[in-house]
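This report concerns only the one structure given below.
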Amino acid sequence: MAIRSICVLPDPLLRQKAKKVTNIDSSVQRLIDDMIDTMRAVSGVGLAAPQVGVPLRVAVIEMPGEEVITLINPEIVKRQGDRLIGEACLSVPGYQGELKRSVWVKVKAQDRQGRNIRIKGEELLGQALEHEIDHLNGILYVDHVESDKLWESSSETSQEGL
Ligand code: CO
């Protein structure tokens with residue numbers, strides 16, 4: 001297990017569409033372990049593989065006090081509603097913005113054992129699911145933010161690291 005460095009804008013890796021994982025082999029298992037270490041090292045709530053320079057459809061989410069969720073090839077299958085929230089990204093340091101996210105999303109994916117899983121998320125989990133799946137498609141939260149809704153962040157108002 002190891003902490004990997006996090007790519008930040010304007011790294012072109014953040015803009016690539018990540019590839020589907022077809023074989024959850026030992027290198028993917030190592031990637032997942034390293035992503036969990038890296039996310040914890042920066043007190044993040046979620047991390048997607050492109051953020052550590054790996055263009056594969058893998059993401060991890062750890063809600064405070066809960067078990068890590070590993071998502072391989074995740075897809076949003078259903079979403080509902082809109083809500084306006086604050087957001088930030090580990091790959092866009094020093095900024096936060098306001099944008100619309102779904103009230104809830106349902107996601108299908110595989111876990112690290114290759115089992116099919118389905119997760120429904122609202123609030124921070126729903127936000128993290130949408131944010132990390134966006135990363136796998138080369139999309140950053142700033143793409144959803146109107147130019148006058150992006151601010152330099154201060155420590156008092158900082159958002160969760162996604
Ligand atoms: Co992010």
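The values are calculated or read from the model by the stated rules, or taken from the named source; none is laboratory data. In this text, all values refer to a predicted model and were calculated from it rather than measured experimentally. With ideal geometry, Cβ positions are generated from the backbone for all residues, glycine too; neighbour counts draw on all protein chains shown.
I'd like the residue in the stretch 1-39 that is charged (D, E, K, R) and over 26 Å from residue 143 (Cα atoms) and, out of all such residues, is surrounded by the fewest Cβ atoms within 10 Å (Cβ to Cβ). Top of the filtered list is 25. Evaluate the stretch 41-52: report whether one residue or more is more than 17 Å from residue 2 (Cβ to Cβ) and in a loop (DSSP other than H, G, I, E, B). Yes: one or more hits.
Residues that are closer than 30 Å to residue 23 by Cβ number at least 1 in the following strands (runs of 3 or more DSSP E) confined to the stretch 86-132: 104-110, 116-122. Residues that are under 23 Å from residue 126 (Cα atoms) and either assigned to a loop (DSSP other than H, G, I, E, B) or at pLDDT 95 or above (or both) do not occur anywhere in the stretch 24-31. Of all residue pairs spaced 6 or more apart or on separate chains, those with beta-carbon atoms under 6 Å, a first member in the stretch 13-33 that is free of Cβ contacts under 8 Å to residues at least 60 places away in the same chain and a second member that is surrounded by fewer than 16 Cβ atoms within 10 Å (Cβ to Cβ) are 13/53; 19/55; 33/1.
Residue-level check: of (1) of a type outside the set (S, T, N, Q); (2) free of Cβ contacts under 8 Å to residues at least 12 places away in the same chain; (3) closer than 28 Å to residue 26 by Cα; (4) within 16 Å of the ligand (Cβ to nearest atom), residue 115 misses just (4). Within the stretch 84-109, the set of residues being among the aliphatic types (A, V, I, L, M) and within 12 Å of the ligand (Cβ to nearest atom) comprises 88, 90, 92.
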